[in-house]
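Presented below is the structure to which this report refers.
The values are calculated or read from the model by the stated rules, or taken from the named source; none is laboratory data. This one's a predicted model, so the numbers in the text were calculated from it and none came from an experiment. Here the Cβ is made from the backbone with ideal geometry for all residues, glycine too, and neighbour counts use every protein chain on show.
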Amino acid sequence: MNRLRSRLVLAFLLATLAPLGISLWITTSLLEHSLSLSTTTEVEELSVALERTAREFYQQSRDLLRLDVEAGRALPRKFLLTKRAEWPPDLVVFWESGEQRRFQLASSMDNQLHYLVRTPEGVARYSRTLGAMRMSEVSSLLAKARTRVEKSRTRDIRRGFLTTLLLLAATIGALSIAVIVFFAHRISRPVQKLTDALQRLAAGDFATRVETGRKDEIGAALEAFNHMAGQLQQSRERLVMLTHLSSWQALGRKMAHEVKNSLTPIRLTVEEMAARQRRAAPESRAFFDQAAQIIVDEVNRLERRVRAFSDLAAEPPVNSAILDVNAICEERAGFLRAAHPGVVYDLRLAGGHPIARGDEDLVRAILTNLMENAAEAAGGGGVVLCRTSALNGSVYLEVHDSGPGLSPHARETLFQPTISFKKTGMGLGLSIARKSALLSGGDICLIDGELGGAAFRVTLRESEETWAHHAS
């Protein structure tokens with residue numbers, strides 16, 4: 001059964017992890033392709049080229065300004081030492097540095113280049129416009145580009161994204177596996193129970209059952225198994241009953257034959273005794289009368305036993321017919337009321353006249369035996385309840401009595417032949433009754449009594465004919 005669970009888990013894993021793996025592969029491929037199109041490299045190359053161009057432009061502007069100064073094409077603005085207090089701060093710094101010459105960008109206009117020259121009178125400043133290029137703006141853009149490039153280098157986007165994706169996929173996979181194992185266990189557990197029950201049933205335990213409670217196909221399979229096990233148990237009990245009856249039938253036929261062979265000489269002897277009694281002396285007649293009566297009583301008792309075993313051993317033909325079970329119950333109750341005037345017969349007959357199929361003589365004999373036993377158990381002032389009903393293709397006849405009930409030993413051996421619990425009984429009545437019920441396609445079972453005593457239920461097959469058709 002663990003192999004079934006493993007196969008279910010493997011099937012679920014293939015159904016979930018395979019698409020997940022394919023999705024992960026496609027995602028990583030697209031990610032690599034997308035990152036390969038990143039502009040980080042281009043930005044770095046562009047910033048380097050822009051920086052180089054800016055430097056060359058600045059150097060070229062310096063060279064041109066120096067040439068203009070040397071050729072006398074540029075006119076300076078002179079800052080005299082006598083007015084040093086009015087100098088701009090950048091000129092003061094240049095003068096105090098001791099340098100002879102310096103190029104620098106104007107502090108107020110970063111697109112203007114100054115060429116500072118130290119003279120005996122002070123400082124001469126030559127200027128040149130750089131056009132639309134603003135060096136401070138270019139420097140700021142270059143700094144931002146370098147910062148972004150450095151950040152992209154310090155962070156591994158691929159590794160971070162792939163790690164996150166793998167963790168997410170692992171989490172989803174673990175949850176999927178947990179759900180798969182749960183459902184696989186839920187599916188395989190009742191199947192395992194069913195397999196164990198089948199093994200016990202095959203070993204001969206026909207009373208085994210499986211707990212149900214599911215409403216799906218597995219629940220239907222468990223219900224079907226329980227129904228099958230119940231049918232097999234009933235069939236086995238019936239087979240055992242019929243096997244026992246077959247053995248007792250053979251014994252009954254042999255016993256009846258032997259007893260009949262013994263009755264004939266006994267009867268002839270009694271007749272001879274009666275003839276001699278008429279010729280005997282008057283004082284011997286009383287003894288002969290007593291002896292003859294004893295023999296006659298014993299012969300009658302033997303004849304009853306012979307008839308009982310003959311009935312058990314007999315195989316009468318079964319004439320299946322349509323039966324109105326309500327009418328049969330009423331007729332049997334009316335017949336037995338005269339024999340048991342102190343017993344109250346309570347008839348609770350189902351409406352609609354349930355129709356059964358079986359042998360009418362056998363069913364009448366079954367009811368007679370059950371109702372007769374119930375009346376004897378109830379005694380004077382007791383109650384015998386007879387109930388009929390129909391359900392799920394079967395017709396039921398129940399006989400309850402208000403007697404003392406049955407002992408546990410009596411319940412276990414109730415339908416076994418030659419076991420009697422009455423002084424005048426042979427112990428074959430219920431065996432014959434159950435045999436008749438089985439021959440009619442039904443059965444007899446012991447149920448809980450409603451009146452405190454014993455109770456029996458006769459099951460017959462429901463006829464497909466309607467009561468109206470039967471009445472016609």
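Which residues, taken from the stretch 161-214, are among the aliphatic types (A, V, I, L, M) and within 29 Å of Ser235 (Cα to Cα)?
Val191, Leu194, Ala197, Leu198, Leu201, Ala202, Ala203, Ala207, Val210
Taking Ala454 as meeting all but one of (1) of a type outside the set (Ser, Thr, Tyr); (2) surrounded by fewer than 18 Cβ atoms within 10 Å (Cβ to Cβ); (3) modelled with pLDDT of 90 or more, write down the number of the exception.
(2)
Scan Ser436, Ser407 and give me the residue that is in contact with a strand residue (DSSP E or B) (Cβ under 9 Å, 6 or more places away or on another chain), among the polar types (S, T, N, Q) and at pLDDT 80 or above.
Ser436
If you go through the stretch 439-451 one residue at a time, how many are modelled with pLDDT of 85 or more and either surrounded by fewer than 22 Cβ atoms within 10 Å (Cβ to Cβ) or out of contact with any Gly (no Cβ under 8 Å at 6 or more places or on another chain) (or both)?
Final tally of qualifying residues: 9.
Pull out all pairs, ordered by first then second residue, where Cβ-Cβ is under 9 Å, the residues are six or more apart or on different chains, the first lies in the stretch 115-129 and is in a loop (DSSP other than H, G, I, E, B), and the second is surrounded by fewer than 18 Cβ atoms within 10 Å (Cβ to Cβ).
Every condition considered, the pairs that remain are Thr119/Pro76; Thr119/Lys78; Pro120/Leu81; Glu121/Lys78; Glu121/Leu80; Glu121/Leu81; Glu121/Thr82.
Select from the stretch 350-379 the residues that are among the β-branched types (Val, Ile, Thr), touching a residue at least 60 places away in the same chain (Cβ under 8 Å) and part of a helix (DSSP H, G or I) and list them in ascending order.
Val363, Ile366
Which of the numbered conditions does Glu211 fail, given that it passes all the others? Conditions: (1) in contact with a Lys or Arg (Cβ under 8 Å, 6 or more places away or on another chain); (2) loosely packed, with under 13 Cβ neighbours inside 10 Å; (3) at pLDDT below 70.
Of everything listed in (1) in contact with a Lys or Arg (Cβ under 8 Å, 6 or more places away or on another chain); (2) loosely packed, with under 13 Cβ neighbours inside 10 Å; (3) at pLDDT below 70, Glu211 misses just condition (3).
So the check is Cβ under 7 Å with 6+ separation or different chains; which pairs have a first residue in the stretch 224-237 that's under 13 Å from Leu201 (Cα atoms) and a second one that's small (Gly, Ala, Ser)?
What qualifies is Phe225/Ala197; Gln233/Ala207.
So in the stretch 370-400, with the set limited to residues that are buried (at least 19 other Cβ atoms within 10 Å of the Cβ) and among the polar types (S, T, N, Q), which one is nearest to the chain's Cα centre (by Cα)?
Residue satisfying both the conditions and the ranking: Thr388.
Taking the stated definitions as given, is Val306 more than 19 Å from Ala454 (Cβ to Cβ), among the aliphatic types (A, V, I, L, M), modelled with pLDDT of 90 or more and in a helix (DSSP H, G or I)?
no
One line per residue, one yes/no per condition, for (1) aliphatic (A, V, I, L, M); (2) over 24 Å from Leu67 (Cβ atoms); (3) at pLDDT below 90; (4) touching a helix residue (DSSP H, G or I) at 6+ places or on another chain (Cβ under 7 Å):
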residue	(1), (2), (3), (4)
Phe94	no, no, yes, no
Gly98	no, yes, yes, no
Ala106	yes, no, yes, no
Leu130	yes, no, yes, yes
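How many of the residues making up the stretch 318-339 are assigned to a loop (DSSP other than H, G, I, E, B) and either crowded, with 19+ Cβ neighbours inside 10 Å or touching a helix residue (DSSP H, G or I) at 6+ places or on another chain (Cβ under 7 Å) (or both)?
1
Would you confirm whether any residue within the stretch 395-402 is part of a loop (DSSP other than H, G, I, E, B), at pLDDT 85 or above, in the same structural domain as Arg337 (by TED's automatic domain parsing) and within 23 Å of Arg364 (Cβ to Cβ)?
Scanning the stretch 395-402, I find no residue that is part of a loop (DSSP other than H, G, I, E, B), at pLDDT 85 or above, in the same structural domain as Arg337 (by TED's automatic domain parsing) and within 23 Å of Arg364 (Cβ to Cβ), so the answer is no.
Are any residues in the stretch 189-236 acidic (Asp, Glu) and either under 21 Å from the mean Cα position of the chain (by Cα) or more than 28 Å from Arg434 (Cα to Cα) (or both), and if so, which ones?
Asp196, Glu211, Asp216, Glu217, Glu223
The rows are residues; the columns are (1) under 60 Å from the mean Cα position of the chain (by Cα); (2) exposed (fewer than 10 other Cβ atoms within 10 Å of the Cβ); (3) without any contact (Cβ under 8 Å) to a residue 24 or more places away in the chain.
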residue: Ala49; (1), (2), (3): no, no, yes
residue: Arg55; (1), (2), (3): no, no, yes
residue: Gln59; (1), (2), (3): no, no, yes
residue: Val69; (1), (2), (3): no, no, no
residue: Leu80; (1), (2), (3): no, no, no
residue: Glu86; (1), (2), (3): no, yes, yes
residue: Pro89; (1), (2), (3): no, yes, yes
residue: Phe94; (1), (2), (3): no, no, no
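So for the stretch 161-180 (the condition being surrounded by 15 or more Cβ atoms within 10 Å (Cβ to Cβ), modelled with pLDDT of 70 or more and not hydrophobic (A, V, I, L, M, F, W, C)), does at least one residue qualify?
Yes, the stretch 161-180 contains a residue that is surrounded by 15 or more Cβ atoms within 10 Å (Cβ to Cβ), modelled with pLDDT of 70 or more and not hydrophobic (A, V, I, L, M, F, W, C).
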